[in-house]
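Peer 1: Okay, handing you the structure first.
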């Protein structure tokens, strides 16, 4: 009997050790979420301000300059471009990519852009575009409302699989 009990105790210890990484992740509802259960990117999680904490919503700024590099390809992360505005190089994150495709919005090297954007809190000289005005083509695209919430795309934030939307989308 003691031999059987010993094997049972060893099996329980091994099972417990193997389960520790799973238990450390927290409840299943937190999968893909930050430490407080809030999605780590804009467009997911409860409440408008909770998932926009990476943007300085009170620092909306107008930037104007000439596009000197572009990073906008499907599957290559958040679409963005760089331009020189007020003597310094800035990065403008223009996502979601689906919103650019749906609007057939084009940005080319050398285009003169006027951008209304929110600065990222932890990234220097990097901004999330709220409105893009391509002064070279005359095209305008609104990507975020005045509270920083994405306005276009499908679902909550275009290509993300979030389950809670800030507002219903078509």
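Values in this text are rule-based calculations from the coordinates and carry no lab data. The structure presented is a predicted model; accordingly, all values stated were derived computationally and were not measured. Ideal geometry is used to build each Cβ from the backbone, glycine not excepted, and the neighbour counts take in all protein chains shown.
Peer 1: Provide the FRET efficiency to the nearest 0.05 for the residue 136-residue 54 pair, computing r from the beta carbons and using R0 = 25 Å.
Peer 2: Step by step, r from the Cβ atoms, then E = 0.25.
Peer 1: Could I have the simple spin-label model distance between residue 61 and residue 15, label points 7 Å from Cα toward Cβ, reported in nm to one decimal?
Peer 2: Computed distance between label sites residue 61 and residue 15 equals 5.8 nm.
Peer 1: Another question about this same structure. Roughly what would the spin-label model give for residue 109 and residue 78, points 7 Å off Cα along C-beta, in nm?
Peer 2: Roughly 2.5 nm, to one decimal.
Peer 1: Can you give the % of DSSP beta bridges in region 58-156 that are antiparallel, to the nearest 5?
Peer 2: 90
Peer 1: Okay, moving on. What nm value, rounded to one decimal, do you get for the distance between residue 145 and residue 88 when each label is placed 7 Å out toward the C-beta?
Peer 2: With each label point 7 Å from Cα toward Cβ, the separation is 3.1 nm.
Peer 1: For a test of the definition: using alpha carbon positions, the gyration tensor, and the 1.5 limit on a/c, classify region 103-148 as rounded, prolate or oblate.
Peer 2: oblate
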